[in-house]
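Accompanying notes for the structure given below.
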Amino acid sequence: MNHSINFSLISLYHIKNLGIRSLHAFLKSKGSDVHLIFFKHSYFNNAHAPTETELMQLIDVLKKSQTNLVGISVSCSAYLETAKVITRAIKEALDIPVLWGGVHATVDPEGCIQYADMLCVGEGEYPLLELLEAMSNQKDVTNIKNLWFNQEGMVIKNPIRPLIQDLSSLPLPDYTNDNKYYISGDKIYEGDPIHLDCWDYFIQGTRGCPYNCTYCSNSLFRQMYKDHGKYIRQRSVDHVLKELVQAQASLKGLKMITFFDEVFGVNKKWIGEFCQEYKEKIDIPFSCYLHPLAVRDEVVAMLKEAGVSLIGMGIQSGCERVRRHIFKRPETNKQIIEAAGILQKHKIPFVLDIILDNPFESRKDKDETLDLLLHIPKPFKLSLYSLIYFPGTGLTEMALKQNLITQDDIEDRRQRVLSQFRVTLGYKREKWDTAWIALLLLSGTQYIPRQMVSFLARIKLLRIYPYPLIMLVEIVKGIQWIQKTVQMAVSGQITLSLIKRFIVRGRNKQ
């Protein structure tokens, strides 16, 4: 006897959540009745706890859709408290089973299973399909691989299954408005919220990362999936381009493609084929992320010809000791400078990622970072991030062992992503650090010579009284904003959709 299962997937703080969109499209393609609920959206540093009104709106949607199984994507450790609040509200109002999945559920399953009825560890497409089919046919579900079950305090832990090797066999994302909802700011919208914010489109061509950085959850996933199939998997160029063609057709006002791969195009042959096809079939600006060791002249030339408008590159620290022994990153400062030189040679704008608030760094180490930046050809931008202690990573365990942090600093408790993932000068730090961050931000601008930045760095008074540096940063940001606005206006990238996007962001910040 078939027992209908109405499954609702909930995405926390992210309307472009690629993982949950993949699950939704996959289950829908298999005939499952799946609703997709986007619960709040956060631009960097402005996430807010759910209100009572928003929780009631969520319950109303679940009732309206006759949901009898809920899946919550806990895609970041900082979302744990929100997941707990939502789960408690669902259990009190509806008393239906709640399943958790996502990155945090995978890196800390022992902690998460205390709050959820079920847990999906690792990739979720086939485990969830098996779960829905078994529940529909009222069969035993407790032996499904990748799933954990909490049955009245008794935890059943199933082993993981092999990774999906053929990513091109998965369906394209679904951007119709059917059975989709968006709850934010005490309001509920029916339909896919991506249509409210579609100036740029996020896409992922690979799963997995070739590197093993100690601060990243990929280091845990790689170990977890050892002997369970090839870890780095790549979609075919044809499959990626079909998704982009679909996006162009369904999302009005689309002006930019953002590749969310850990490292874009993990092999040269794929990049060559992609660049040729992309130029012919899509031909709008795109951005991607390259590791310094993957920046090669021939590859960058192909990306330039295809239309790349921005390349991100992680350096994380300018101190080789910190990179090599703390972060386990293999590149040297010389290789970073050479990679930046190649990007500059091809006149491709680039942004460098740096991790701050790192207790393993001394002031001398930090000044090495500034020194490195002063040797990188201008102009460049910086994306500055706070060091986040994700549960179980090598870096977190190292910091705990050396008593540099406590359990309260781990992200499921600290929740730093919600307020200071992207570093801001207004955040309370030691004045020396604030001055140092301001100097970093000035190092890449073309408006201030590197000799002047170096001179400012030697003025001890500015290290204890950084406000003039902060004011200088703000002036430079204003000039850069005007310049960028003019460039976008000339190129036609400023549209009504883009203006609407910033209006939505402004509302979310209130």
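FRET efficiency for the Lys345 to Glu430 pair, using the beta carbon distance and R₀ = 41 Å, is estimated at 0.60.
Using only side-chain charges placed at the Cβ, +1 for Lys and Arg and -1 for Asp and Glu, the dipole size of the range 90-228 relative to its Cα centre rounds to 540 debye. Label sites at Ala134 and Arg413, each approximated as a point 7 angstrom past Cα along Cα to Cβ, lie 3.4 nm apart.
What is the packing order of peptides 342-355, 461-474, taking the mean over residues of other C-beta atoms within 10 Å and listing the highest first? The partial results should precede the final answer.
Numbers: 342-355: 18.0, 461-474: 16.0.
Ranking, from highest mean packing down: 342-355, 461-474.
The figure for Ser4 is an accessible area of roughly 70 square angstrom, using a 1.4 Å probe on the protein chains alone. Here each label is just a point 7 Å from Cα along the line to Cβ, and for Lys484 and Met56 those points are 4.0 nm apart.
Across the range 185-226, the residues whose backbone nitrogen lies under 18 Å from the label position 7 Å along the beta-carbon direction of His239 are 202-210. Per residue, the accessible area of the chain comes to 45 Å², computed with a 1.4 Å probe over protein heavy atoms only.
The Cβ shell under 12 Å around Asn177 holds other residues with a net charge of -3, Lys and Arg each +1, Asp and Glu each -1. Under a straight-distance cross-link criterion of Cα-Cα below 20 Å, which lysines are reachable from Lys64, leaving out those fewer than 8 residues away in the same chain? Straight-line reach from Lys64, under 20 Å: Lys28, Lys40, Lys91, Lys180, Lys187. Figure legend: label point modelled 7 angstrom from the Cα of Glu277 along Cα→Cβ; residues of the range 242-256 with amide N under 12 Å from it are 242-245.
Assuming R0 = 25 Å, can you tell me the calculated FRET efficiency for the pair Lys328 and Ser169, based on Cβ-Cβ distance, to the nearest 0.05?
The formula returns an efficiency of 0.15 here.
Measuring nothing but protein heavy atoms, the accessible surface of the range 269-388 at 1.4 Å probe radius is 53 percent carbon and sulfur.
The candidate values were (i) 29.7; (ii) 24.4; (iii) 25.9; the one computed from these coordinates for Kirkwood radius over Cα pairs in Å carries the label (ii).
With Cβ to Cβ distances under 11 Å as the rule, what net charge do the other residues near Ile257 carry (K, R +1; D, E -1)?
Working: positive: Lys255; negative: Asp200, Glu243, Asp283.
Taking every other residue near Ile257 into account, the sum is -2.
Taking chymotrypsin sites (Phe, Trp or Tyr not before Pro) across the range 446-491, the ones in a DSSP loop with at most 14 further Cβ atoms lying within 10 angstrom of their Cβ are Tyr447.
The values are calculated or read from the model by the stated rules, or taken from the named source; none is laboratory data. What you see is a predicted model, and the numbers here were worked out from it, not measured in a lab. Here the Cβ is made from the backbone with ideal geometry for all residues, glycine too, and neighbour counts use every protein chain on show. With ligands, DNA and RNA removed, areas are computed over all heavy atoms of the protein, side chains included. Shrake-Rupley method; radii C 1.70, N 1.55, O 1.52, S 1.80 Å.
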